Amino acid sequence: MCCGVTEKGELRDCAVIKEIPENEGFGEAALRSVRYFKMTPTVRGVPVKGGTVIIPIVWQTLDGVKAPPIPPNFDPAATPSAP
């Protein structure tokens, strides 16, 4: 998931950039979870006025089964930025 970060650390304009497996609702669930996130926008420990962040989310079932891992060839730099 890719999100813009406000100066106050709130996430805005989030978008799912990869969903594995696709069309199972995990991306939509990740987007709904954004309201619980709070960031401290810094670069190398220095406060900044917002920015963009990529947040990997791995879902796990109650019996401990995890979703498939992110493919090794996945390149977040090649993904679109949050609007």
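Bear in mind these aren't lab numbers, they're just calculated from the coordinates by the rules spelled out. Here the structure is a predicted model, which means the values were calculated and not measured. Here the Cβ positions follow ideal geometry from the backbone for every residue, glycine too, while neighbour counts run over all protein chains shown.
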Q. What's the long-distance tail for the stretch 1-49, i.e. % of Cα pairs beyond 15 Å?
A. 49
Q) If you place +1 on the Cβ of every Lys and Arg, -1 on the Cβ of every Asp and Glu, and leave all else neutral, what size is the dipole of the stretch 1-49 about its Cα centre, to the nearest 20 Debye? A) 380
**Q.** Förster radius 22 Å - calculated FRET efficiency between residue 36 and residue 13 (Cβ-Cβ, nearest 0.05)
**A.** 0.85
